[in-house]
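The values are calculated or read from the model by the stated rules, or taken from the named source; none is laboratory data. The structure displayed is predicted, hence computed values, not measured ones. Virtual Cβ from ideal backbone geometry, glycine too; neighbours counted across all protein chains shown.
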């Protein structure tokens, strides 16, 4: 007799039957692959090279060096005077002045043009995506980790512990999220990717905390937890070895939701000047540069960053909705 399919097996079957979800998964996987290749230096490693003129338009074709024409005939050499003390020096100057042979020229085409410094917009967008996606994934993992730990302690322990965490939660949610993020950014002051991850992770744990706490309150009185207590399992083991596998789908869905939110938050922070430092590119810093370029009619950097961000955020949002439905045990 075959064992019944588990939660994750059923969820994968539902997800695989959804064409929109699989297409979104393919888009997200392509962005993650691009992130890995960029981080390894296999793609867009030379994004800072000046391959075009300033604000080169889309479709611009640049030459690495001017084309060399056919080799000119050397001038007729005058006979050497054996009594001339400068004969050797003149011979060296004539050799140096001889024309160089023709060199093949390699041309670079920029489908999306170049920015103010002549950087390829496509490579810059790929490198910027690496920063934005890393910030989104790392900050979401930190926020879900903190929210899950606090929610598990509050929901399982109850009493004074629950009251303490609920007070802490109320303080954070009483302040608008944007103001909280900007306040923490102003306190930390130091700009960098790690700082942005800390800002977003330390301010975004409230959503996972609320949901995980409710799940732990619901599960801690169930038979399998009482049975674990009867055989002498510790509180820590009951919390994370018995209850957490049954509520992990909530944490996973929250992780995917926060990744989307934090990618957009990084763009806002970089646009306002609280984001990545000078020398580090992200989609937010590209949009920050593009606001001045639009006045000059240079629209291609804004378009490239906006298309990349919109494509990833839309795919991730659709995948999150499908994942939430697939992990819902009420959906058959």
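Of the conditions (1) in a helix (DSSP H, G or I); (2) touching a residue at least 24 places away in the same chain (Cβ under 8 Å); (3) surrounded by fewer than 17 Cβ atoms within 10 Å (Cβ to Cβ), residue 280 satisfies every one except a single condition; which number is it?
Unmet for residue 280, out of (1) in a helix (DSSP H, G or I); (2) touching a residue at least 24 places away in the same chain (Cβ under 8 Å); (3) surrounded by fewer than 17 Cβ atoms within 10 Å (Cβ to Cβ): (1).
Just to be sure I understand, how many residues within region 183-213 are surrounded by fewer than 15 Cβ atoms within 10 Å (Cβ to Cβ) and either touching a residue at least 24 places away in the same chain (Cβ under 8 Å) or part of a helix (DSSP H, G or I) (or both)? Can you show your working first?
Narrowing region 183-213 to residues surrounded by fewer than 15 Cβ atoms within 10 Å (Cβ to Cβ): 183, 186-187, 189-190, 192, 194.
When the remaining residues are screened for being either touching a residue at least 24 places away in the same chain (Cβ under 8 Å) or part of a helix (DSSP H, G or I) (or both), the result is 183, 186-187, 192, 194.
Result for region 183-213: 5.
Of the numbered conditions (1) more than 26 Å from residue 215 (Cβ to Cβ); (2) modelled with pLDDT under 85; (3) outside any loop (DSSP other than H, G, I, E, B), residue 180 satisfies every one except a single condition; which is it?
Result: residue 180 passes all but (1).
Just to check your reading of the model, which residue among 270, 282 is out of contact with any strand residue (DSSP E or B) (no Cβ under 7 Å at 6 or more places or on another chain), within 20 Å of residue 38 (Cβ to Cβ) and at pLDDT below 85? Show your work before the answer.
On the way: 282 fails: at pLDDT below 85.
Criteria check complete, one pass: 270.
Is it true that some residue in region 146-158 is under 30 Å from residue 285 (Cβ atoms), buried (at least 22 other Cβ atoms within 10 Å of the Cβ) and modelled with pLDDT of 90 or more? Give the derivation first.
Residues of region 146-158 that are under 30 Å from residue 285 (Cβ atoms), as a first pass: 146-147.
If we keep only those that are buried (at least 22 other Cβ atoms within 10 Å of the Cβ) as well, we get 147.
Filter once more, so that each one left must be modelled with pLDDT of 90 or more: 147.
Taking every residue of region 146-158 in turn, at least one turns out to be under 30 Å from residue 285 (Cβ atoms), buried (at least 22 other Cβ atoms within 10 Å of the Cβ) and modelled with pLDDT of 90 or more.
Please work out which residue is nearest to residue 237 (Cα to Cα), limiting yourself to region 165-177 and to residues that are part of a helix (DSSP H, G or I) and in contact with a helix residue (DSSP H, G or I) (Cβ under 8 Å, 6 or more places away or on another chain).
If we filter region 165-177 for residues that are part of a helix (DSSP H, G or I), which is where we start, we get 165-174, 177.
Next cut, in contact with a helix residue (DSSP H, G or I) (Cβ under 8 Å, 6 or more places away or on another chain) only: 165-166, 168-169, 172-173, 177.
On the way: 165: 21, 166: 23, 168: 25, 169: 25, 172: 29, 173: 30, 177: 34 Å.
Here the answer is 165.
Yes/no per residue for (1) closer than 15 Å to residue 212 by Cα; (2) free of Cβ contacts under 8 Å to residues at least 60 places away in the same chain:
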| site | (1), (2) |
| --- | --- |
| 138 | no, no |
| 141 | yes, no |
| 155 | yes, no |
| 167 | no, yes |
| 174 | no, yes |
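Of all residues in region 299-312 being touching a helix residue (DSSP H, G or I) at 6+ places or on another chain (Cβ under 8 Å) and either in a loop (DSSP other than H, G, I, E, B) or without any contact (Cβ under 8 Å) to a residue 24 or more places away in the chain (or both), which is nearest to residue 23 (Cα to Cα)?
306
Give me a count of the residues in region 159-182 that are surrounded by 16 or more Cβ atoms within 10 Å (Cβ to Cβ) and closer than 25 Å to residue 219 by Cα.
3
Quick check on this structure: which one of 202, 182 is touching a helix residue (DSSP H, G or I) at 6+ places or on another chain (Cβ under 7 Å) and under 22 Å from residue 135 (Cα atoms)? Show your work before the answer.
Working: 182 fails: touching a helix residue (DSSP H, G or I) at 6+ places or on another chain (Cβ under 7 Å).
202 is the lone residue from the list that is touching a helix residue (DSSP H, G or I) at 6+ places or on another chain (Cβ under 7 Å) and under 22 Å from residue 135 (Cα atoms).
Report yes if some residue within region 225-248 is more than 23 Å from the chain's Cα centre (by Cα) and under 30 Å from residue 130 (Cβ atoms); otherwise report no.
Looking only at region 225-248, we keep the residues that are more than 23 Å from the chain's Cα centre (by Cα), and these are 225-248.
With under 30 Å from residue 130 (Cβ atoms) added as a condition, the list becomes 248.
Yes, region 225-248 contains a residue that is more than 23 Å from the chain's Cα centre (by Cα) and under 30 Å from residue 130 (Cβ atoms).
Could you say whether any residue in region 103-113 is touching a strand residue (DSSP E or B) at 6+ places or on another chain (Cβ under 8 Å), within 30 Å of residue 46 (Cα to Cα) and assigned to a helix (DSSP H, G or I)?
There is no residue in region 103-113 that is touching a strand residue (DSSP E or B) at 6+ places or on another chain (Cβ under 8 Å), within 30 Å of residue 46 (Cα to Cα) and assigned to a helix (DSSP H, G or I).
It is to be established whether one or more residues within region 226-236 are touching a residue at least 40 places away in the same chain (Cβ under 8 Å) and touching a helix residue (DSSP H, G or I) at 6+ places or on another chain (Cβ under 8 Å). Please lay out each step first, then the result.
We begin by selecting, within region 226-236, every residue touching a residue at least 40 places away in the same chain (Cβ under 8 Å); these are 235.
Add one more test, that the residue is touching a helix residue (DSSP H, G or I) at 6+ places or on another chain (Cβ under 8 Å), and what stays is 235.
Yes, there is a match, as at least one residue in region 226-236 is touching a residue at least 40 places away in the same chain (Cβ under 8 Å) and touching a helix residue (DSSP H, G or I) at 6+ places or on another chain (Cβ under 8 Å).
On the given criteria, is residue 317 modelled with pLDDT of 85 or more, farther than 26 Å from residue 119 by Cβ and touching a helix residue (DSSP H, G or I) at 6+ places or on another chain (Cβ under 8 Å)? Spell out the reasoning first.
Details: modelled with pLDDT of 85 or more: yes; farther than 26 Å from residue 119 by Cβ: yes; touching a helix residue (DSSP H, G or I) at 6+ places or on another chain (Cβ under 8 Å): yes.
Spelling it out, residue 317 is indeed modelled with pLDDT of 85 or more, farther than 26 Å from residue 119 by Cβ and touching a helix residue (DSSP H, G or I) at 6+ places or on another chain (Cβ under 8 Å).
What residue, of 310, 305, is at pLDDT 85 or above, buried (at least 19 other Cβ atoms within 10 Å of the Cβ) and within 15 Å of the chain's Cα centre (by Cα)? Walk me through it before giving the result.
Details: 310 fails: buried (at least 19 other Cβ atoms within 10 Å of the Cβ).
Going through 310, 305 in turn, just one is at pLDDT 85 or above, buried (at least 19 other Cβ atoms within 10 Å of the Cβ) and within 15 Å of the chain's Cα centre (by Cα): 305.
How many residues are out of contact with any helix residue (DSSP H, G or I) (no Cβ under 6 Å at 6 or more places or on another chain) and either modelled with pLDDT of 85 or more or not in a helix (DSSP H, G or I) (or both) if we restrict to region 249-263? Give the derivation first.
To start, the set of residues in region 249-263 that are out of contact with any helix residue (DSSP H, G or I) (no Cβ under 6 Å at 6 or more places or on another chain) comprises 249, 252, 261.
Filter once more, keeping what is either modelled with pLDDT of 85 or more or not in a helix (DSSP H, G or I) (or both): 252, 261.
Of the residues in that region, 2 qualify.
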